[in-house]
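Student: One structure, as structure tokens, below. Some questions next.
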Amino acid sequence: MAKSNLQFKTNYAVSSTIEPFYKGGKVQISKDEKFIFCTCGTRVNVLQIVTGKIVHSIEQDDQEDITSFALSLDDEILVTASKALLLKQWDWKQAQCTRSWRAIHNVPIASMTFDPTSTLLATGGCDGTIKLWDVVKQYCTHNLKGSSGVVHLVEFHPDISLLQLFSSASDCGIRMWDLRSSQCLCVLQSHYSPVTSLAFTSDGASMVSSGRDKICTVWDLKSRTTRRTVPVYEAVESVVLLPEDEDFSEIGVKTKEIHFITAGSKGVLRVWDASSARCVFAQTLPSAPPAGGSEEGGEEYGDPRSLTYCLPLPSSLRLVTVTAEHNILLYQLPSFTTQQQFVGFNDEVLDVKFLGKGDTHIVVATNSSQLKVFELATSSCKILYGHTDTVLSLDVFKKGSLFVSCAKDKSVRVWRQDPDSGQVCCVAQGCSHGNAVGSITCSRMKESFVVSGSQDCTIKVWDLPETIPETDGDMFQLNARVTEKAHDKDVNSVAVSPNDKLLVSGSQDRLAKLWSLGAPGADLALLGVFRGHRRGVWCVQFSPMDQVLASSSADGSVKLWSLQDFSCLKTFEGHDASVLKLIFVSRGTQLLTSGSDGLVKLWTIKTNECVKTLDAHQDKVWGLHATRKDDRVVTASADSNITVWTFFYVQMWWCVVVLCRKQELSNLLHEKKFLKALGLAISLDQPHTVLKVIKAIRQGEDGAKQLEKTVLKLRQDQKESMLRYCAVWNTNARSCLDAQAVIQVMLTHLSPEELLQYQGARAHLEGLIPYTERHMQRIGRLLQASMFLDYMWQKMRVTGAPASPSVNCPPNLPTSSPYCFYFIYFSALLHTSISTCTSSYAHLSRQCKSAKLSLFAPMAYLLPTSSCLLHTLYIDFLFFLLCH
């Protein structure tokens with residue numbers, strides 16, 4: 001009964017994505033504390049703190065990387081600076097550029113900030129100059145010179161009535177500028193390395209500076225002298241003053257003196273008393289194996305947890321920190337507890353699995369030693385420390401709260417997620433492999449054992465205790481029950497059968513092997529070997545229903561094998577490169593595969609048919625997993641993107657609507673109602689169908705005028721779609737003529753102002769230029785070839801014979817020779833227009849048929865559509881003539 005109700009999956013839609021939104025650079029918080037602004041290459045992304053979603057993305061039109069940006073204190077104006085030396089002012093809520101102007105700096109801008117009134121903008125350049133701009137009246141007000149090297153820090157004094165600006169450059173000094181006189185009042189000297197941040201007290205009388213020289217300095221701004229130098233024993237990247245009117249007694253703050261928080265290379269937030277130069281509080285981080293260096297802070301500049309920014313949220317009494325691995329964390333004061341965590345950049349994602357009772361989370365292995373657990377609803381992330389080298393593979397037990405990982409550090413670890421709090425801890429680990437552990441799988445019926453495969457060519461079976469510890473304080477040490485030399489090369493994949501009795505392994509030696517797990521305590525027994533792949537096997541999986549298993553390989557194929565006689569039942573071919581992962585869906589009747597070509601393909605096993613191709617990644621898709629309900633799939637790629645797909649059935653009524661529209665389109669073309677046909681094709685949003693309509697119009701009587709008349713009668717939104725389609729058609733030599741015909745109509749009859757108002761017009765037009773240039777070059781080469789043919793023909797004519805406009809055979813070829821026909825054919829194709837080509841082709845066909853040239857007649861029916869192919873055929877034929 002279950003099989004009779006089974007419906008094949010045919011459609012998946014993207015339900016959510018986790019994309020890189022921060023790759024380093026400046027981070028700023030809006031004044032209302034709802035948004036985080038951060039740079040990501042050519043974009044400034046706006047992250048909503050509550051949902052963890054990117055709500056706005058401001059991108060440079062010139063595709064130049066953004067070097068700095070600043071948000072005004074009233075949250076109204078965003079200004080960006082790029083490597084193109086342009087400053088752009090944005091209405092960031094609408095993602096629209098309202099003004100752009102040329103920065104007078106000769107080199108890129110390194111820093112910028114707004115004054116408290118959101119009127120003045122200060123920019124510090126790599127040329128050692130500082131310029132001030134009035135963003136309201138739109139002119140440059142000051143040009144401050146005197147700094148040595150890159151000006152990487154500019155800050156206005158909080159009291160705007162003083163009109164003072166502070167800056168720091170590569171010379172390690174802090175310059176105080178008087179904006180009334182444009183003079184440097186003094187240079188505050190205390191640091192011996194670049195100053196990284198400045199923090200002012202509420203009354204503006206004092207300032208705290210931090211540097212990478214492991215000290216913080218408290219300054220008296222009235223006397224412009226040092227009040228106190230505080231050694232902090234780490235390179236400090238950011239300093240934040242504690243609010244004076246709040247109670248922080250629980251973290252050791254007992255006086256009203258200046259207290260500040262430091263964030264730096266050790267990755268720990270610490271609170272310091274400026275009057276006594278003592279650390280009164282140090283944050284406690286989750287335990288992690290040392291990455292090298294001292295116990296206190298790991299490597300000075302290499303610890304992935306080292307902090308690069310620390311920003312205050314005074315209204316909600318929170319802190320935002322940014323780590324060297326581009327993670328953004330929110331802490332609640334005064335307890336310093338983690339509220340939220342966002343991952344700005346995942347790097348290469350190597351594996352992903354659904355996690356939790358209702359598959360509400362995903363656990364992700366990236367190109368690092370940390371695991372990341374994302375909550376799908378909010379994109380909030382928890383980072384798990386434990387492994388000391390890159391994590392390579394993951395698997396989850398049936399109930400969803402226990403999962404396992406393996407890594408290059410030769411170890412396997414078992415993790416438990418608390419179903420109520422969502423907290424994850426490591427409860428068991430095992431270390432006895434001789435090389436990196438590249439694959440891992442767990443038992444399917446009970447939480448009883450784990451199997452790992454390693455680059456040392458062995459498979460190990462690890463038994464779990466009956467009672468698994470609840471916390472990492474009672475971590476259980478795993479011992480391998482069985483160790484088997486399984487393959488001659490790396491073991492890439494292992495999988496356990498649904499009844500926990502069989503094990504399959506796939507290796508780089510091009511083999512997959514079936515093993516009997518047997519009773520507890522028994523060794524592995526080899527049952528059979530699956531041979532047939534031409535390259536290494538990347539993944540193996542058991543069917544959940546039938547006595548078969550599937551394997552995928554670097555040879556681009558997926559094979560289905562019988563467990564009875566180890567024979568290959570089916571082969572699925574469709575990927576252009578290695579097939580890295582596969583899973584069974586629809587109760588074992590379909591396969592999902594992912595490859596290094598960035599594609600995910602859905603196959604129906606019974607028909608050997610690829611019914612759907614999911615294209616959402618630009619690089620190798622290493623991760624592929626489905627929920628226990630089989631209604632969602634997650635894919636993860638080396639392009640740092642994680643995509644969650646939701647399965648849906650196409651409603652029958654919609655299929656009927658589409659079929660009716662296609663039939664209507666066919667009728668309209670037959671009746672030559674081209675305007676209605678083109679409008680209907682555009683409404684279906686099917687570029688290939690629109691192209692068919694364009695071809696039908698051009699092939700009709702007086703096609704050029706009919707096309708012009710039809711295109712000009714389209715609505716503006718339809719013309720926008722046509723422009724978008726043309727940009728795609730123009731990339732293909734077969735459809736470029738149709739694209740150019742449409743573009744000619746639009747450029748002839750539409751003004752540039754009208755065209756630029758079309759949505760995405762600038763990007764489409766920029767995309768048309770390079771391919772149009774290529775087509776022009778190809779036409780030029782074709783013209784040169786035809787001129788060469790003309791020259792050869794003139795040389796081969798009989799001396800004194802009258803010139804003829806028609807193409808004739810050379811005198812050294814008899815007219816009855818089939819070579820003469822070919823000479824006429826290629827001459828016509830290369831030297832005459834398309835219409836002449838067609839008539840010559842028809843004439844040549846008749847001649848070949850009448851001469852009964854059975855050997856050569858089939859060639860007369862070939863009318864090559866590619867000029868490159870024409871060129872090649874012609875040259876081959878010419879050499880043949882010269883040889884004979």
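Read-outs throughout are calculated quantities, based only on the coordinates presented, and are distinct from any laboratory measurement. Keep in mind it's a predicted model, so treat the numbers as computed, not measured. Quick reminder, even Gly has a Cβ in these numbers, built from the backbone with ideal geometry, and neighbours come from all protein chains shown.
Student: Please state the charge dipole magnitude for the stretch 349-647, taken about the Cα centre, from unit charges on C-beta atoms (+1 on K and R, -1 on D and E), reported in debye and rounded to the nearest 20.
Tutor: Details: 33 positive and 33 negative charges, 111 e Å.
Once rounded to the nearest 20, the dipole reads 540 debye.
Student: Taking 7 Å along the Cα-to-C-beta vector as the label spot, tell me the Glu59-Lys570 distance in nanometres, rounded to one decimal.
Tutor: Each label point lies 7 Å from its Cα, and together they span 3.9 nm.
Student: Sketch the reach of a paramagnetic label on Asp717 as a point 7 Å from Cα along Cα-to-Cβ, and name the residues of the stretch 659-680 whose backbone nitrogen lies under 16 Å away.
Tutor: Counting backbone N atoms under 16 Å from the label point, the list is 679-680.
Student: Right, next: Which of Cys97, Ser493, Thr604 sits farthest toward the positive end of the charge dipole of the chain, with +1 on the Cβ of Lys and Arg and -1 on the Cβ of Asp and Glu?
Tutor: Thr604
Student: Another question about this same structure. Distance in nm between label sites at Arg99 and Arg587, each 7 Å beyond Cα in the beta-carbon direction?
Tutor: The two pseudo-label positions are separated by 6.6 nm.
Student: While we're on this one: What ratio of Cα Rg to 2.2 N^0.38 Å holds for the chain? Walk me through the numbers before you get to the answer.
Tutor: Values: Rg = 35.0 Å, N = 884, 2.2 N^0.38 = 29.0 Å.
Rounded to two decimals, the normalised Rg is 1.21.
Student: Calculated from DSSP H runs of 4 or more alone, at -39500 (n - 2.57) each and per residue, what is the 222 nm mean residue ellipticity of the chain, nearest 500?
Tutor: It comes out at -6500 deg cm²/dmol, rounded to the nearest 500.
Student: Can you tell me which of 661-670, 338-347, 237-246 comes out highest on packing, and rank the rest after it, using the mean Cβ neighbours within 10 Å?
Tutor: Most protected by this proxy first, the peptides run 338-347, 237-246, 661-670.
Student: Would you mind working out the magnitude of the charge dipole of the chain relative to its Cα centre, with +1 at each Lys and Arg C-beta and -1 at each Asp and Glu C-beta, to the nearest 20 Debye?
Tutor: 3560 debye
Student: Shifting gears a bit: Any chance you could run the full-extension gain for Ser421 through Val136? It's 0.36 nm times the residue separation minus the Cα-Cα distance, nm to one decimal.
Tutor: 97.6 nm is the gain from fully extending Ser421 to Val136.
Student: Looking at this model, which pairs from Lys408/Lys501; Lys620/Lys695; Lys408/Lys513; Lys357/Lys460; Lys131/Lys266 are more than 31 angstrom apart at the alpha-carbon?
Tutor: Lys620/Lys695; Lys131/Lys266
Student: Ok, one more. Work from the charge dipole of the chain (Cβ charges, +1 for Lys and Arg, -1 for Asp and Glu, about the Cα centre) and give the residue of Gly52, Gly556, Ala122 farthest towards its positive end.
Tutor: Gly556
Student: Ok, one more. Karplus couplings for the stretch 312-323 from phi (6.51 cos²θ - 1.76 cosθ + 1.60, θ = phi - 60°), rounded to Hz, Gly and Pro as x?
Tutor: Working through the residues one at a time gives x, 10, x, 5, 9, 6, 10, 10, 10, 10, 10, 9 Hz.
Student: May I ask you to order 113-119, 433-439, 275-281 by the average number of other C-beta atoms within 10 Å around their residues, highest value first?
Tutor: In descending order of packing, they fall as 433-439, 113-119, 275-281.
Student: Follow-up question, since we're still on this one. Obtain the radius of gyration and the Kirkwood radius of the stretch 360-519 from its C-alpha atoms and give Rg over Rh.
Tutor: 0.96
Student: What full-extension length gain, to one decimal in nm, is calculated for Ala205 and Val529 as 0.36 nm per residue of separation minus the Cα-Cα distance? Spell out each step's value before the answer.
Tutor: Working: separation 324, 0.36 × 324 = 116.64 nm, distance 7.92 nm.
Full extension of this stretch gives 108.7 nm more.
Student: If you stretched the chain out fully between Glu244 and Glu76, how much longer would it get, using 0.36 nm times the residue separation minus the C-alpha to C-alpha distance?
Tutor: Net length gain for the segment: 57.6 nm.
Student: At 7 Å along Cα-to-Cβ for each site, give me the label-to-label distance between Gln759 and Asp546 in nm.
Tutor: In this crude label model, Gln759 to Asp546 measures out at 4.5 nm.
Student: Mind computing the radius of gyration and Dmax over the alpha-carbon atoms of the stretch 651-775? Å is fine for both.
Tutor: When restricted to the Cα atoms of the stretch 651-775, Rg and Dmax are 14.7, 46 Å.
Student: Kindly write out, for the stretch 221-229 in residue order, the coupling ³J(HN,Hα) from the Karplus curve 6.51 cos²θ - 1.76 cosθ + 1.60 (θ = phi - 60°), rounded to whole Hz, with x marking Gly and Pro.
Tutor: Those phi angles translate into 6, 6, 8, 6, 10, 7, 8, 7, 10 Hz.
Student: Could you give each residue of the stretch 98-107 its phi-based ³J(HN,Hα) in whole Hz, using Karplus coefficients 6.51, -1.76, 1.60 with θ = phi - 60°, and x for Gly or Pro?
Tutor: With the stated coefficients, the stretch 98-107 comes to 9, 6, 9, 8, 7, 6, 6, 4, 7, 9 Hz.
Student: Quick one: which residues, 5 or more positions from Gly128 or on another chain, have an amide H under 5 Å from its amide H? H modelled 1.01 Å from N in the peptide plane, none for Pro or chain starts.
Tutor: Here the answer is Val151, since their amide H atoms fall under 5 Å of that of Gly128.
Student: Name the long-range amide H neighbours of His142: under 5 Å, sequence gap of 5 or more, or other chain; modelled H, no Pro or chain starts.
Tutor: Leu132
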